[in-house]
Amino acid sequence: MSLLVTGGVGFVGSHFVRAAVEAGHHVVILDDLSGSAAGGASGSQAECSADGEAISRIAALPGVTLQVGDIGDSALVASLCRQNRVSALLHFAGKIQVGESVRRPELHFDVNFTRALSLLEAARHAGVDNVVFSSTAAVYGTPGHVPIPESARCEPDSPYGRSKRAFEWVLLSAAVAHGIKWAALRYFNAAGAHPDGTMREAHHPETHLIPLALDAALGKGPPLSVFGSDYPTPDGTCVRDYIHVCDLAQAHLLALRQLEHGHSLGPLNLGTGTGYSVRQVLDTAAEVVGRPVPQSMAPRRPGDPPQLVADASSARKRLGFAPARSDLRVLLEDALRSRR
Ligand code: UFG
């Protein structure tokens with residue numbers, strides 16, 4: 001297939017591009033690069049991005065074209081879709097920082113909703129009727145219980161989660177009105193890196209637990225602040241469901257195959273169904289690095305739910321998805337290799 005991949009130099013997007021190329025797809029990346037170390041600082045769509053060398057490596061993959069541009073540029077999107085006979089849109093680009101979304105909600109709604117709507121419309125008018133959207137576990141807010149099925153109530157706590165949920169409604173409505181086939185893949189905690197060590201998680205700024213913990217242990221970053229030890233969890237720290245970015249990439253390929261065969265999917269959780277506490281992650285990170293993770297206790301981070309763990313059964317049944325590299329130790333070893 002010929003695929004339009006927005007945010008294709010970002011963390012999840014770039015791992016998907018690599019998997020898509022290996023599966024024989026032709027890929028057109030649309031990315032404004034402004035979230036990358038090589039790009040500017042503002043207006044980022046691919047918040048988690050690569051440095052200049054990594055961007056060149058992705059763009060040099062066989063069958064990949066990199067177009068630097070804005071997802072809200074309808075004329076550009078339409079011409080990319082028509083010229084490349086694109087049949088599916090994989091929409092990874094977006095604002096992802098929860099804290100920023102609280103301070104600047106209009107920015108998150110502009111990129112994650114308004115410009116995404118313009119992207120969808122331009123692609124649809126150019127004949128694209130398969131859409132895979134990067135959604136998030138943040139659409140659930142603070143869940144009543146875990147594991148969380150897709151049928152749980154969505155009450156996002158942040159403008160980030162609300163903007164992602166709002167775009168899911170757009171896709172649902174476009175499916176009814178125009179017959180598009182869609183999947184909104186609700187990622188739990190994306191982590192890890194390609195096992196060959198050439199691609200890594202690099203957000204600007206970095207706020208995620210695993211890269212910060214590994215960098216602290218390697219002496220490349222400051223001691224880690226553990227945000228809260230008084231949560232109602234077995235050891236008092238927050239519990240999350242960490243899924244390897246290569247497993248996420250494979251799940252997108254499986255979703256694409258379902259859409260291609262005419263099966264619309266709607267929202268689907270992408271997690272493992274197993275939760276680990278911050279403490280468990282830090283202990284395993286120390287074992288993997290062979291050094292302790294320098295750390296100090298800190299107050300709770302506003303907006304962090306105590307536990308987020310996926311009910312992963314729908315993706316298993318409907319996609320045949322079984323995570324292969326999401327064992328916590330394997331995931332940390334891959335992440336460590338990429339940071340070394
Ligand atoms: N944490 C720390 N110290 C840090 C960083 C994180 O203790 O320096 C803790 C957090 O409090 C949380 C856990 O580690 O309990 C994981 O935090 P991350 O920042 O790595 O990930 P989040 O769970 O906050 O974020 C993920 C996705 C978001 C999504 C969110 C849904 O990255 O895109 O889940 O709640 F919105």
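The values are calculated or read from the model by the stated rules, or taken from the named source; none is laboratory data. What you see is a predicted model; the values in this text were computed from it and never measured. No Cβ is skipped: glycine too gets one built from the backbone with ideal geometry, and neighbour counts run over all protein chains shown.
Consider segment 204-220 and keep the residues that are within 10 Å of Val293 (Cβ to Cβ) and more than 10 Å from the ligand (Cβ to nearest atom). The one that is surrounded by the fewest Cβ atoms within 10 Å (Cβ to Cβ) is Leu218. The requirement of being of a type in the set (S, T, N, Q), within 9 Å of the ligand (Cβ to nearest atom) and within 15 Å of the chain's Cα centre (by Cα) is fulfilled somewhere in segment 175-197, by at least one residue. Taken over segment 241-267, residues that are within 16 Å of the ligand (Cβ to nearest atom), farther than 20 Å from Gly10 by Cβ and surrounded by 21 or more Cβ atoms within 10 Å (Cβ to Cβ) amount to 1. Has segment 138-147 got at least one residue that is in contact with a Gly (Cβ under 6 Å, 6 or more places away or on another chain) and modelled with pLDDT under 95? No; the residues of segment 138-147 include none that is in contact with a Gly (Cβ under 6 Å, 6 or more places away or on another chain) and modelled with pLDDT under 95.
Please tell me if Leu185 is assigned to a helix (DSSP H, G or I), of a type in the set (A, V, I, L, M, F, W, C) and either closer than 26 Å to Ile55 by Cα or touching a residue at least 12 places away in the same chain (Cβ under 8 Å) (or both). Please lay out each step first, then the result.
Values: assigned to a helix (DSSP H, G or I): no; of a type in the set (A, V, I, L, M, F, W, C): yes; either closer than 26 Å to Ile55 by Cα or touching a residue at least 12 places away in the same chain (Cβ under 8 Å) (or both): yes.
The answer is no for Leu185.
In segment 188-199 there is no residue matching the filter, namely being assigned to a loop (DSSP other than H, G, I, E, B), touching a Lys or Arg at 6+ places or on another chain (Cβ under 6 Å) and not small (Gly, Ala, Ser).
When Pro232 is tested against (1) within 16 Å of the ligand (Cβ to nearest atom); (2) buried (at least 18 other Cβ atoms within 10 Å of the Cβ); (3) under 20 Å from Tyr140 (Cα atoms), exactly one condition is not met: (2). Quick check on my filter: what residues within segment 87-118 are in contact (Cβ under 8 Å) with a residue 12 or more places away in the chain, more than 16 Å from the ligand (Cβ to nearest atom) and surrounded by fewer than 20 Cβ atoms within 10 Å (Cβ to Cβ)? Those that are in contact (Cβ under 8 Å) with a residue 12 or more places away in the chain, more than 16 Å from the ligand (Cβ to nearest atom) and surrounded by fewer than 20 Cβ atoms within 10 Å (Cβ to Cβ): Ser87, Thr114, Leu117, Ser118.
Restricting segment 119-144 to residues that are surrounded by fewer than 21 Cβ atoms within 10 Å (Cβ to Cβ) and within 16 Å of the ligand (Cβ to nearest atom), which is nearest to the chain's Cα centre (by Cα)? Ranking the qualifying residues of segment 119-144, first place goes to Gly141. For Leu332, the criteria (1) surrounded by fewer than 20 Cβ atoms within 10 Å (Cβ to Cβ); (2) outside the structural domain of Ser134 (by TED's automatic domain parsing) hold in every case but one, which is (1). Taken over segment 120-151, the criterion of being in contact with a Phe, Trp or Tyr (Cβ under 9 Å, 6 or more places away or on another chain), small (Gly, Ala, Ser) and either part of a helix (DSSP H, G or I) or free of Cβ contacts under 8 Å to residues at least 60 places away in the same chain (or both) is satisfied by Ala137, Ala138. Scanning segment 12-33 for residues that are in contact with a strand residue (DSSP E or B) (Cβ under 8 Å, 6 or more places away or on another chain) and either assigned to a loop (DSSP other than H, G, I, E, B) or at pLDDT below 95 (or both) turns up His25, Asp32, Leu33.
Which pairs have Cβ atoms under 7 Å, sit 6 or more apart or on different chains, and link a residue in segment 231-251 that is on the phi > 0 side of the Ramachandran plot to one that is within 12 Å of the ligand (Cβ to nearest atom)? Close Cβ pairs (under 7 Å, with a partner that is within 12 Å of the ligand (Cβ to nearest atom)) amount to Gly236/Ser229. Residues that are in contact with a Phe, Trp or Tyr (Cβ under 9 Å, 6 or more places away or on another chain) and among the hydroxyl-bearing types (Ser, Thr, Tyr) within segment 219-277 comprise Thr237, Tyr242, Ser264, Thr272, Thr274, Tyr276, Ser277, listed in sequence order.
Which residues, taken from segment 73-104, are of a type in the set (A, V, I, L, M) and either modelled with pLDDT under 95 or on the phi > 0 side of the Ramachandran plot (or both)? Walk me through how you get there before you give the answer.
Residues of segment 73-104 of a type in the set (A, V, I, L, M): 75-78, 80, 86, 88-90, 93, 96, 98, 102.
Those that are of a type in the set (A, V, I, L, M) and either modelled with pLDDT under 95 or on the phi > 0 side of the Ramachandran plot (or both): Ile96, Val98, Val102.
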